[in-house]
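Have a look at the structure below before the remarks.
Here, each number is a calculation from the coordinates, and none is a lab measurement. This one's a predicted model, so the numbers in the text were calculated from it and none came from an experiment. Positions of Cβ are backbone-derived with ideal geometry, glycine not excepted, and every protein chain shown enters the neighbour counts.
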Amino acid sequence: MLKLADFYHLPEVAALIAQLATDQAGLVIVAGLDPRPSAGIAVPPSGRHAMLRILAGEILAAHPAARAIVVAEDESALRVPRQMRQRVGVWRVREYLDYAERITQAAWQRPDLLVVDRLDTATIAPILNAARQGVRVLAQLDTALRGADVVQMLREEGATAEQLAVIRWIIAVQRVAALCPHCRRPASGDTRLLQRLQRAAAEHLGTVIPWHDIPLVAPGCDACNGSGRQGEITLFDVYQAGESLLSVLPMEAYALRLAALAMVPPEDALTIDAAQLRRTCSLFNASEQAQNDINAELQRKLVELEAANRALEHRTAALISLQDMAQTLAASNNLADLARRICRYAGELCGADRVALYLAHNDGAEVLAVSGWEPAVVGRHLPVADLASSADLREPQPYTGWPPGIDRMHPDVAGFALRAGLRIPLVAEDRLVGMMLVQSTHHARFAPAETALLRSFAAQAALSMQRATLIERLRATIAELETAQAALLAKERLEREMELAREVQQSVLPRTFPALAGYAFAARNRPARQVGGDFYDVFALGDDRIGLVIGDVSGKGMPAALYMALARSLILAEARREPSPRATLGNVNRLLRELGDPRMFVTVFYGVLDGYARHMTYCRAGHDYPLLLRDGAAHQLTAPGTFLGFLETRELRLEEESVILAPGDRLILYTDGLTDAQTAARELFGIERLCNLALSLTPHDPHAIVTETFAALDSYTGAAEQYDDMTMLVVAVEER
């Protein structure tokens with residue numbers, strides 16, 4: 001648990017905070033400017049939120065009988081020592097607009113301390129009104145302003161002088177880089193800097209400081225990566241309401257005194273306001289850019305949705321139109337059946353024993369049906385010029401040749417001779433649909449009446465063939481459209497399922513980790529396009545014990561996400577009942593067999609870390625071997641074990657092992673998505689490359705290890721699509 005002594009370096013701060021803690025009423029504001037989550041800029045937080053928690057703890061410690069209400073979006077917004085938890089109630093805000101109502105309701109309860117994690121335009125009035133009712137209020141304000149400037153800002157936001165009279169203290173904090181203790185030295189040769197420091201000391205401290213004897217400059221070394229700065233330090237500005245508009249402990253004076261202690265670079269101490277202005281501008285520009293990027297992305301999505309909607313409307317309109325046409329032509333026969341009937345009817349009308357029916361296309365013609373000829377010729381293609389010339393598109397013409405597309409045979413071989421023939425064009429709406437060739441081996445010619453009958457029949461046959469052809473084309477087009485629409489709907493359903501799976505997966509992953517002295521945690525999960533079932537968690541078990549878990553569910557999509565949520569819930573529940581990792585995973589296996597999908601399973605690594613003893617007991621259920629980085633070597637934790645959810649518990653093999661951790665150690669937990677990441681040439685990243693990378697990153701903090709690892713994976717895989725989730729959890733063991 002953080003304490004005030006972890007932040008201040010001058011005794012005046014402790015004295016002023018002690019005085020603040022003993023006050024009975026009024027409003028205390030903790031001010032500081034923090035980067036926005038969406039800004040994407042590397043600016044350190046001000047430390048405002050931590051100071052809010054510390055001040056709440058100091059006030060409760062100064063008033064042993066006091067009780068507090070916390071109004072916040074996050075249930076963990078205020079952490080106090082275990083002995084004080086019974087005195088603190090958290091009123092969680094579900095929606096941003098509920099803040100004012102929740103603050104007002106909390107004030108009606110008359111708590112000794114009301115803590116609000118957001119002071120802004122929506123909460124100014126209820127917070128000031130609560131303080132005017134005699135409730136002591138502690139709130140944090142996201143701003144770069146300090147002291148009386150904060151009061152002026154609230155006045156400009158609409159607060160009246162009567163409301164502002166309840167302000168008692170304003171504590172402004174700002175984190176800055178600390179001077180590197182390894183390479184700092186006196187700046188005796190920099191006369192201009194020493195003169196500026198003397199003037200500043202005279203103005204803000206009213207005293208003379210022997211600056212030439214103080215190690216003020218740091219040229220850079222290996223310890224600070226050549227920057228001259230190492231670590232961070234908190235600057236304070238303490239304002240107490242009264243007749244004076246000046247802070248009782250101005251941040252400029254605080255920074256100069258830290259510079260005199262060789263803790264803060266003198267340039268930073270001399271340019272507090274300028275640095276804060278640059279910080280504010282950077283955050284504003286980054287936030288504005290992030291907002292522009294979001295707007296551009298939303299606009300792009302809108303354009304994509306509109307285009308997709310237009311395409312869908314077009315396809316729907318075409319489908320409806322084609323369906324209407326299909327209903328109109330529903331009485332027409334199938335084209336192949338219709339063609340066979342035309343050949344039979346034509347032969348019956350004129351007594352022909354040889355009939356060939358042809359269908360014209362844009363680029364040629366084909367034999368559609370025959371009567372008296374070998375059926376094998378049906379489907380043969382031929383040039384459209386073989387059917388009819390432009391001069392005889394209307395009337396039947398005598399034909400004495402061999403039918404196009406049919407193999408020629410000598411009469412002696414065929415056993416017959418073609419004696420009479422008619423070529424009848426099939427025209428519908430002035431367009432050549434096809435041609436009908438009727439021939440006889442018995443008659444010398446066709447009578448005029450027979451020719452007239454064939455002419456009338458040909459007109460009806462042409463219309464019927466045209467309708468039947470259109471129907472088949474419409475059916476084919478409808479089938480294509482339906483296939484395309486079904487594919488589109490299937491794709492949309494799949495994408496929605498994947499999106500829901502991502503939401504399920506991300507909703508169960510922790511956003512914050514429990515605080516444990518001497519340890520730091522960092523993690524990242526990157527779902528693949530086809531979401532899998534990776535998960536991780538770090539959770540408190542009490543008595544300085546922490547549970548570490550990482551798992552990988554078989555399968556993809558929503559089933560894997562739901563199975564992952566079930567497995568994680570069971571592990572958390574059983575971990576609080578069973579101190580032994582082996583017993584915990586055994587119970588989880590039994591419950592997964594009872595409640596889960598029998599076709600699925602999960603690999604798990606679960607360890608119980610005793611923070612004080614630096615001792616970890618773990619059990620590995622078929623999961624990838626974690627890496628323990630120590631003294632320049634990577635050691636794998638290889639306790640044998642079988643994955644969960646597939647075998648009966650009596651058949652399950654799980655062994656429990658222990659390891660002693662030491663400061664400087666790094667524990668790397670990961671899923672096989674890292675080692676199985678591959679290039680476009682399907683070359684795997686592999687465990688050896690992961691070990692070498694992890695060893696090179698050992699000196700870094702967990703967040704840097706995670707960031708650099710994923711950057712290395714991106715560089716290795718390039719544009720190659722990855723088919724498995726990538727999950728990594730890093731534990732750093734530090735000095736207490």
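Considering amide H positions built from the backbone, and no H for Pro or chain starts, which residues 5 or more places from Val217, or on another chain, come under 5 Å of its amide H?
Arg185, Ala187
Helix 581-595 versus the longest principal axis of the chain: what angle, 0 to 90°, nearest 10, using Cα atoms?
30
Starting from the 7 Å offset along Cα-to-Cβ, what nm value, one decimal, do you get for the label separation of Thr707 and Ala148?
Between Thr707 and Ala148, the label points sit 4.0 nm apart.
How large is ³J(HN,Hα) for each residue in segment 99-110, as worked out from phi by the Karplus curve 6.51 cos²θ - 1.76 cosθ + 1.60 (θ = phi - 60°), to whole Hz, x for Gly and Pro?
Values, residue by residue: 4, 4, 5, 5, 5, 4, 5, 5, 5, 4, 6, 6 Hz.
For the pair Leu695/Leu481, report the inter-label distance in nm, with labels modelled 7 Å from Cα in the Cβ direction.
The modelled label-to-label distance comes out at 6.5 nm.
Sorted by average packing, counted as other Cβ atoms within 10 angstrom per residue and highest first, what order do 256-263, 520-527 take?
256-263, 520-527
List, in order, the whole-Hz ³J(HN,Hα) value for each residue of segment 516-521 obtained from phi through the Karplus relation with A = 6.51, B = -1.76, C = 1.60 and θ = phi - 60°; use x for Gly and Pro.
Per residue, the Karplus-derived 3J(HN,Hα) values read 9, 4, x, 9, 9, 10 Hz.
Which of these values of Cα extents along the principal axes in Å was calculated from the structure shown: [x] 135, 66, 61; [y] 130, 59, 54; [z] 100, 68, 56?
[x]
In terms of the Cα gyration tensor, with a ≥ b ≥ c the square roots of its eigenvalues, is segment 655-711 rounded because a/c is under 1.5, prolate because a/b exceeds b/c, or oblate?
oblate
How far, in nm, would the chain grow between Glu12 and His212 when pulled straight, counting 0.36 nm per residue and subtracting the alpha carbon separation?
The Glu12-His212 span can extend by a further 69.5 nm.
Which of the three applies to segment 607-736, rounded, prolate or oblate, going by the alpha-carbon gyration tensor with a ≥ b ≥ c and a/c under 1.5 meaning rounded?
On the way: a/c = 2.44, a/b = 1.15, b/c = 2.12.
It is oblate, given that a/c is not under 1.5 and a/b is not larger than b/c.
With label points built 7 Å along Cα→Cβ from the Cα atoms of Glu232 and Thr400, find their separation and express it in nm.
In this crude spin-label approximation the distance works out to 10.6 nm.
What is the calculated FRET efficiency for Trp108 to Asp74, with r their C-beta to C-beta distance and R₀ = 30 Å, to the nearest 0.05?
Here the calculated transfer efficiency is 0.85.
As I understand it, the value is the acute angle between the Cα axis of helix 448-508 and the longest principal axis of the Cα atoms of the chain; what does it come to in degrees, rounded to 10?
10
Using the per-residue mean of other Cβ atoms lying within 10 Å as a proxy for protection, in what order, highest first, do the peptides 715-722, 162-169 fall?
Ranked by mean Cβ neighbours within 10 Å, highest first: 162-169, 715-722.
Compute the Cα gyration tensor for segment 509-733, then decide on rounded, prolate or oblate, letting a ≥ b ≥ c be the square roots of its eigenvalues: rounded whenever a/c is under 1.5, prolate when a/b is larger than b/c in the other cases, and oblate in all that remain.
Oblate.
May I ask you to compute the full-extension gain from Ala417 to Arg511, defined as 0.36 nm times their residue separation minus their alpha-carbon distance, rounded to one decimal in nm?
Fully extending the segment from Ala417 to Arg511 adds 24.6 nm.
Specify the angular offset, from 0 to 90 degrees and rounded to the nearest 10, of the alpha carbon long axis of helix 557-575 from the longest principal axis of the alpha carbons in the chain.
Helix 557-575 and the main axis of the chain meet at about 30 degrees.
Sequence-distant or interchain residues sharing an amide H contact under 5 Å with Trp373, placed H: which?
The answer is Val355.
So, R0 is 45 Å and r is the distance between the beta-carbons of Val248 and Glu95; what FRET efficiency does that work out to, to 0.05?
So, using R0 = 45 Å, E works out to roughly 0.70.
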